[in-house]
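Reviewing the structure listed below.
The values are calculated or read from the model by the stated rules, or taken from the named source; none is laboratory data. Since the model is a prediction, treat every value here as computed from it, not as a measurement. Every residue, glycine as well, gets a Cβ built from its backbone with ideal geometry; the counts of neighbours run over all protein chains shown. Side chains included, ligands, DNA and RNA excluded: accessible areas come from the protein's heavy atoms. Shrake-Rupley method; radii C 1.70, N 1.55, O 1.52, S 1.80 Å.
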Amino acid sequence: DNDSDIDTPPAETFSKAKALLDNANDNSTATSSPTTSISKAIALLRELQLTISKNGIFSKNESLEDVATNSLELLGVEFQLGRAFLMLPTINSNNGPPAAAADSGVSNNKHRNNDTTGESPSMTRKKNVLLAVEYFHGFLKRLENLGEGMLLPDTIKDYHMLLDLEDERQEIDSEKYNCTSSNDSNNIQRFNNTGLSPAQTRQLKIQRYQRKKSTSQTLSHLQSLLHRRTRLQIEDPGEIMDGYDYESLLRNSRIETLRECAEEALEEIQSSRGELEILEMALMMESRGGGMGGVHDSRMGGGPPRSGDAANESMKLTQITQNPMTGQLDIRQIQPNTTMFPSATSTLPQRQQISNTVFRPHWNLPTMSLSELAERERAEAIQRGEAQKIAEEQAKFQPRRYEQLVRDGMEDDEKLVEASAKLDRDWDDWKEANPRGSGNKMSERGDR
């Protein structure tokens, strides 16, 4: 296979790797195991990275106009690599060791030829997610360096905000990993409070969805025009059809594809940050429960086990809850014998405290009173009324049909009458070109 892929064009290799990832993502049409398809795709994409680097297809100081149309889709190699590492399972289908995180072409060589035998799935998944995020950043930075015309201004603003958040998190990483075991819960809660609030995160997701939807519609329109040229068998690439020749149509289509991938990369970077926090907590729990823990083994010597310390330490539980309003994580260490399962020696205040929480509602309680809601609705209604009045006043001076001017008493305004006369002439011309009932004869069908 390697010998046959030596002379394969880069665009064909890229299409083959992308097809493997799509095949692995769709289990209904998969012809091989997902892990095999993803591994093959990663190998092809990394080989393609080396080819791009050796041949100097892209340069750091070139703009979007300097990139050839046939090379545009190769800008998405890093995006497909990030997508592949997120899809890579941590447990092989044959119940073997976790799938190894492969070496990144844009990172250090610390993961090269990593033997993950005995490595926990959480650690393997963390490595894969970190590599994916690094590839997504490389993809976005490359698109940003191409200058105007590549990424939308809102997309660049969103990306810079994510970079600022990453810088803030990196500043506290040293503190986070130097926390003592006695203060782990408080410190983790403090670290998780850094970043965006749930309302800001929701607003960002809405904006990304709107941008992605608009890009997808534009891309679908361009692809339909390409299919139309193929269906009509237009062989001359320079022939203009629907305002595009073949070169400009193909170029715009690939630019819109890259913009769509950029929106997906932003979403994956943000969601991966939440997954990394969960994986770090899982690794912390595994490190606490690793080794012999608090369980005594008579073969290791040291005398008989103590009556209460080891047993209680091995039965500690960690309760993780999230505040529905602020999104903050609350991590508590619980002693089962005193809190979750009270013993006969428990004091009366502890019993009373537990009984008070028995009938606590499990749903979110109201966050404002009816009077506060009424005040807010009243203020919004007043604002809507004022906006409607302004719109009506502005609409009076907009050109419209002459009958409407007479109805509104504006027929004496000469400028408005002249602008409205143009509308009447355009309407009469359209009626002459489209007589009544001409659209129902079905006399002309198909492409003109």
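Extending 7 Å from the Cα toward the beta-carbon at both Val358 and Arg288 defines two label points whose distance is 2.9 nm.
Counting only protein heavy atoms and a 1.4 Å probe, region 199-285 has 56 square angstrom of accessible area per residue.
In terms of packing, defined here as the mean over residues of other Cβ atoms within 10 angstrom, the peptides 225-235, 400-410, 365-375 line up highest first as 400-410, 225-235, 365-375. Using R0 = 56 Å, the C-beta based FRET efficiency linking Glu418 and Arg202 works out to 0.70. In this simple spin-label model, placing a label point 7 Å from the Cα along the Cα-to-Cβ direction at both Ile390 and Ile57 gives a separation of 5.1 nm.
Give me the percent of accessible area attributable to carbon and sulfur for region 28-89, probe 1.4 angstrom.
Of all accessible area on region 28-89, carbon and sulfur atoms account for 51 percent.
According to the square roots a ≥ b ≥ c of the eigenvalues of the Cα gyration tensor, what is the shape class of region 200-281, taking rounded for a/c under 1.5, prolate for a/b larger than b/c otherwise, and oblate for the remainder?
It comes out prolate by the Cα gyration axes.
Residues Thr201, Thr69, Thr357, sorted by accessible area with the largest first, give Thr357, Thr201, Thr69 [1.4 Å probe; ligands and nucleic acids excluded]. Quick one: which of Lys18/Lys40; Lys18/Lys126; Lys141/Lys205 span more than 19 angstrom between C-alpha atoms? Pairs exceeding 19 Å: Lys18/Lys126; Lys141/Lys205.
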